[in-house]
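The values are calculated or read from the model by the stated rules, or taken from the named source; none is laboratory data. Computed from a predicted structure; not experimentally measured. Cβ placement follows ideal geometry from the backbone for every residue including glycine, while neighbour counts extend to all protein chains displayed.
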Amino acid sequence: MNYKLTRRFSFSGNFIYRTGRPVTFPVGNYEFGGNEFVLYSDRNQFRIPDYYRLDLGFNIEGNHKIKKFAHSFWTISVYNVLGRNNPYSVFFVSQDGDIKALQSSIFAIPIPSITYNFKF
């Protein structure tokens, strides 16, 4: 979504939603011929949790003179405004004979930024 408040000020928002990716989980283990093996679920039987995030931005443009060499603007934005701990991937670790699922996430907090842009 983009909304132009005036000629110099604009607001932008971006909402992203994705269903969780399909994944094959280990569901148990068994022993055969003195060796231990992992038993997996059917292919892509499970899904990691859904992913969603909200990004917001506010743009401040310079003057709009046509014969100006370069046009510039500032952007003040926040990535992941909701601070959601979105799952990026799931991996499995064997500890003391048990298999545990661990979730990795990236940027589980809101990340503010200020950017200066110019175009010529």
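Does the range 83-103 contain any residue that is among the polar types (S, T, N, Q), closer than 30 Å to N2 by Cβ and under 28 Å from the mean Cα position of the chain (by Cα)? Before the answer, list the steps.
Applying the first criterion (among the polar types (S, T, N, Q)) to the range 83-103 yields 85-86, 89, 94-95, 103.
In the following step, the residues that additionally are closer than 30 Å to N2 by Cβ were identified as 85-86.
Pick out the ones that are also under 28 Å from the mean Cα position of the chain (by Cα) and you get 85-86.
Checked the range 83-103: at least one residue is among the polar types (S, T, N, Q), closer than 30 Å to N2 by Cβ and under 28 Å from the mean Cα position of the chain (by Cα).
Scanning the range 82-115 for residues that are under 17 Å from L54 (Cβ atoms) and touching a residue at least 60 places away in the same chain (Cβ under 8 Å) yields a single hit, P87. Considering the conditions (1) modelled with pLDDT under 85; (2) surrounded by fewer than 13 Cβ atoms within 10 Å (Cβ to Cβ), A101 is excluded by exactly one of them, (2).
For the range 104-120, the set of residues classified as more than 19 Å from the chain's Cα centre (by Cα) and either surrounded by 11 or more Cβ atoms within 10 Å (Cβ to Cβ) or not in a strand (DSSP E or B) (or both) consists of T115, N117, F120, listed by residue number.
Quick check, is R53 part of a loop (DSSP other than H, G, I, E, B), out of contact with any Gly (no Cβ under 6 Å at 6 or more places or on another chain) and free of Cβ contacts under 8 Å to residues at least 60 places away in the same chain?
Judged against the criteria, R53 is not a match.
Exactly one residue out of I16, I60, I66 is closer than 30 Å to T115 by Cα, at pLDDT 85 or above, exposed (fewer than 12 other Cβ atoms within 10 Å of the Cβ) and of a type in the set (V, I, T): that is I16.
For residues that are among the hydrophobic types (A, V, I, L, M, F, W, C) and either in contact (Cβ under 8 Å) with a residue 60 or more places away in the chain or outside any loop (DSSP other than H, G, I, E, B) (or both), scanning just the range 61-81, find the one that is nearest to E36 (Cα to Cα). Looking at residues that are among the hydrophobic types (A, V, I, L, M, F, W, C) and either in contact (Cβ under 8 Å) with a residue 60 or more places away in the chain or outside any loop (DSSP other than H, G, I, E, B) (or both), I get V78.
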